[in-house]
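Novice: The structure's right below; bear with me while I get my questions together.
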Amino acid sequence: MAEQESWTSRIGFIFAAVGSAVGLGNIWSFPFQTASNGGAAFIVVYLVAVFLIGFPAMLVEFVIGRRSERNPVDAFADLGYGGWTIAGALGAFTSFATLAFYSVVGGWVLIYIVGSATGAYFGDAAAYFGSVASGPTALAAHAVFMAITIGIVALGVTGGIERTTKVMVPSIFVLLIGLAIWVFTLPGADAGYGYYLSPDFGELAANFATIVPAAVGQAFFTLSLGFSVMIIYSSYLGRDDSLPADGGAIVIINTLVAILAGLVVFPILFAIGGEVPEAGGSGTAFTALAGAFGQLPAGAIVGFVFFMVLLFAALSSAISLLEVPVSYVVQHYDYERSAVTVTMGVVIFLLGIPPAMGTGILGWYNDIVFQFLLPLVVLLLIVFVGWVAADLSADELSQGSSVGSSFTGAWLWWVRLVVPIAIVLTFLLGIQSLLIKGGVLASPVFLG
Ligand code: PHE
């Protein structure tokens, strides 16, 4: 059996997990969802979703990972519940499939980093996006993004993932704060903040039934839950570490980055008096924001920095997605990590060719993951931890932490009863919006 790897420190784990959590979902999806769903009023709903649904669900994945100290596929058999292997396998498949299109969007970010330096998108941002988002350029950029991701994961848990996220995650913070300070000096900044944050409880009340599930869906996605990422990352964790404390830190940092991203995005859009897209996804962000960079003083530098932030966010998420299936093959078959990583990465690259050739297909991949696979996996894991292996779960949660049995008991009941209701509701509303509007409720990576 391959030797079990582990983080060198607790901070290493937190950076890696934050790196996974902070991604395109924080920087694209969150600000625009907030602005169009009632501003500060939406943030209240989002905070409730993240802390009351996302956080307990994150502990579910932690419990499985740290208890088994195994990859998500083999974890269940190791814990004595071989029949549940399907839950872990589905999670690994979700990661695998997600990376195929996440990497295409990562490729766009690479294109825009180059484009910021050369000014390629400054003239007509919308036309530029149309010309690079799919086709040969997108495919080449997808290949480069996958190659970087493969390179990091091949170097291993400490030598690759921990070492790079320790640089990327603080960089995201520093650069975003720098950008937030710079945009504060822009002429339209006030209007931008107003648009983003002014609380509109009327809007919230009118659309409560759709806004709440949207917030819950966003909470799972942004915390990387349902992909088995948090299972594998916590399997590399020491037994004396507190799962609730680490989880709390990860959730708080992830939320701060999301809120901060909005403080950067909207002043930029308002500074040029530009149109603010109703629902912002990757498409609108690459057109509306890129268009703004073309018109602002120092736009080239700001654009470059902004897309670097996005690159670090996307890359530190992509490596976590690749680590899930790689860890399974490495541990299960005792193969060499670098060979497995390259092979797996090439297969994922191939699976990413269709979405790189058409944004419609990309949206389709995204819908399958977000609407079906993610809620299904989260639900299975919750039933397992809350009902099937409850004793073991409660025991593991208290391991290394100072929380008392009342906390573990409350968590268990919450996970048994409340979290599943939230998931099922989100799932049903997602289906409904898919059928009625022909589109998704909130598609975090890609909203055309
Ligand atoms: N949390 C990431 C985001 O917000 C998405 C993601 C999910 C990344 C799962 C990795 C694994 O964009």
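Novice: Quick one: count up the residues across segment 292-327 that are buried (at least 21 other Cβ atoms within 10 Å of the Cβ), of a type in the set (Phe, Trp, Tyr) and in contact with a helix residue (DSSP H, G or I) (Cβ under 6 Å, 6 or more places away or on another chain).
Specialist: Looking only at that region, the number is 3.
Novice: With β-branched (Val, Ile, Thr) and without any contact (Cβ under 8 Å) to a residue 40 or more places away in the chain as the only criterion, which of 250, 181 stands out?
Specialist: Working: 250 fails: without any contact (Cβ under 8 Å) to a residue 40 or more places away in the chain.
181 is the lone residue from the list that is β-branched (Val, Ile, Thr) and without any contact (Cβ under 8 Å) to a residue 40 or more places away in the chain.
Novice: For segment 155-170, what are the residues that are assigned to a helix (DSSP H, G or I) and open to solvent by 30 Å² or more (accessible area, probe 1.4 Å)?
Specialist: Here is the first cut: in segment 155-170, the residues assigned to a helix (DSSP H, G or I) are 157-170.
158, 163, 164, 166, 167, 170, listed by residue number.
Novice: Same structure again: In segment 131-146, what count of residues is obtained for those that are out of contact with any Gly (no Cβ under 8 Å at 6 or more places or on another chain) and open to solvent by 50 Å² or more (accessible area, probe 1.4 Å)?
Specialist: Total satisfying the criteria: 3.
Novice: While we're on this one: Answer yes or no: is there a residue in segment 187-202 that is among the hydroxyl-bearing types (Ser, Thr, Tyr), in a helix (DSSP H, G or I), touching a residue at least 24 places away in the same chain (Cβ under 8 Å) and under 23 Å from residue 346 (Cα atoms). Lay out the reasoning, then the answer.
Specialist: As a first pass, look at segment 187-202 and keep what is among the hydroxyl-bearing types (Ser, Thr, Tyr): 193, 195-196, 198.
Narrowing further to those that are in a helix (DSSP H, G or I): 193, 195-196.
Add one more test, that the residue is touching a residue at least 24 places away in the same chain (Cβ under 8 Å), and what stays is 193, 195-196.
Still in the running and under 23 Å from residue 346 (Cα atoms): none.
No, the conditions are met nowhere in segment 187-202.
Novice: What number goes with the only condition from (1) touching a residue at least 40 places away in the same chain (Cβ under 8 Å); (2) away from the ligand (no atom under 16 Å from the Cβ); (3) out of contact with any helix residue (DSSP H, G or I) (no Cβ under 6 Å at 6 or more places or on another chain) that residue 9 does not pass?
Specialist: Here residue 9 clears every test but (1).
Novice: Would it be correct to say that residue 368 is surrounded by fewer than 23 Cβ atoms within 10 Å (Cβ to Cβ) and either β-branched (Val, Ile, Thr) or on the phi > 0 side of the Ramachandran plot (or both)? Can you show your working first?
Specialist: Details: surrounded by fewer than 23 Cβ atoms within 10 Å (Cβ to Cβ): yes; either β-branched (Val, Ile, Thr) or on the phi > 0 side of the Ramachandran plot (or both): yes.
Here the answer is yes, as residue 368 does meet what is asked.
Novice: Right, here's the next one. Please identify the pairs in which a residue from segment 216-239 that is more than 16 Å from residue 5 (Cβ to Cβ) has its Cβ atom under 6 Å from the Cβ atom of a residue that is open to solvent by less than 10 Å² (accessible area, probe 1.4 Å) and hydroxyl-bearing (Ser, Thr, Tyr), counting only partners at least 6 apart or on another chain.
Specialist: The qualifying pairs are 224/20; 227/94; 227/95.
Novice: Please verify whether residue 343 is open to solvent by 50 Å² or more (accessible area, probe 1.4 Å) and either at pLDDT 95 or above or under 25 Å from residue 240 (Cα atoms) (or both), treating the condition exactly as stated.
Specialist: On the way: open to solvent by 50 Å² or more (accessible area, probe 1.4 Å): yes; either at pLDDT 95 or above or under 25 Å from residue 240 (Cα atoms) (or both): yes.
It is true that residue 343 is open to solvent by 50 Å² or more (accessible area, probe 1.4 Å) and either at pLDDT 95 or above or under 25 Å from residue 240 (Cα atoms) (or both).
Novice: Across segment 27-40, what is the number of residues that are among the hydrophobic types (A, V, I, L, M, F, W, C) and within 11 Å of the ligand (Cβ to nearest atom)?
Specialist: 3
Novice: So, one more: Among (1) within 14 Å of the ligand (Cβ to nearest atom); (2) within 28 Å of residue 120 (Cα to Cα); (3) not aliphatic (A, V, I, L, M), which single condition is residue 295 missing?
Specialist: The number of the failed condition is (1).
Novice: Go through (1) within 14 Å of the ligand (Cβ to nearest atom); (2) in contact with a Phe, Trp or Tyr (Cβ under 6 Å, 6 or more places away or on another chain) one by one and return the number of the condition residue 24 breaks.
Specialist: The failed condition is (2).
Per-residue answers, yes or no, for (1) outside any helix (DSSP H, G or I); (2) under 28 Å from residue 49 (Cα atoms); (3) modelled with pLDDT of 85 or more:
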residue: 234; (1), (2), (3): no, yes, yes
residue: 237; (1), (2), (3): yes, yes, yes
residue: 247; (1), (2), (3): no, yes, yes
residue: 258; (1), (2), (3): no, yes, yes
residue: 276; (1), (2), (3): yes, yes, no
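Novice: Identify the single condition in (1) closer than 22 Å to residue 100 by Cβ; (2) assigned to a helix (DSSP H, G or I); (3) in contact (Cβ under 8 Å) with a residue 60 or more places away in the chain; (4) of a type outside the set (D, E, K, R) that residue 144 does not satisfy, given that it satisfies every other one.
Specialist: Condition (3) is where residue 144 drops out.
Novice: If the requirement is being modelled with pLDDT under 95 and either surrounded by fewer than 22 Cβ atoms within 10 Å (Cβ to Cβ) or under 30 Å from residue 106 (Cα atoms) (or both), which of these qualifies: 428, 381? Break it down stepwise before answering.
Specialist: Numbers: 381 fails: modelled with pLDDT under 95.
Result of the check over 428, 381: 428.
Novice: Within segment 216-232, can one find any residue that is surrounded by 18 or more Cβ atoms within 10 Å (Cβ to Cβ) and away from the ligand (no atom under 16 Å from the Cβ)? Write out each step before concluding.
Specialist: If we filter segment 216-232 for residues that are surrounded by 18 or more Cβ atoms within 10 Å (Cβ to Cβ), which is where we start, we get 216-232.
Next, from what is left, pick out any that are away from the ligand (no atom under 16 Å from the Cβ): none.
For segment 216-232, residues surrounded by 18 or more Cβ atoms within 10 Å (Cβ to Cβ) and away from the ligand (no atom under 16 Å from the Cβ): absent.
The values are calculated or read from the model by the stated rules, or taken from the named source; none is laboratory data. Bear in mind that the values here come from a model prediction, so they are computed numbers and not experimental data. A quick note on method: Cβ atoms are made from the backbone with ideal geometry, for glycine too, and the neighbour counts reach across all protein chains shown. Each accessible area value is taken on the protein alone, full model and side chains, heavy atoms only, with ligands, DNA and RNA left out. Shrake-Rupley method; radii C 1.70, N 1.55, O 1.52, S 1.80 Å.
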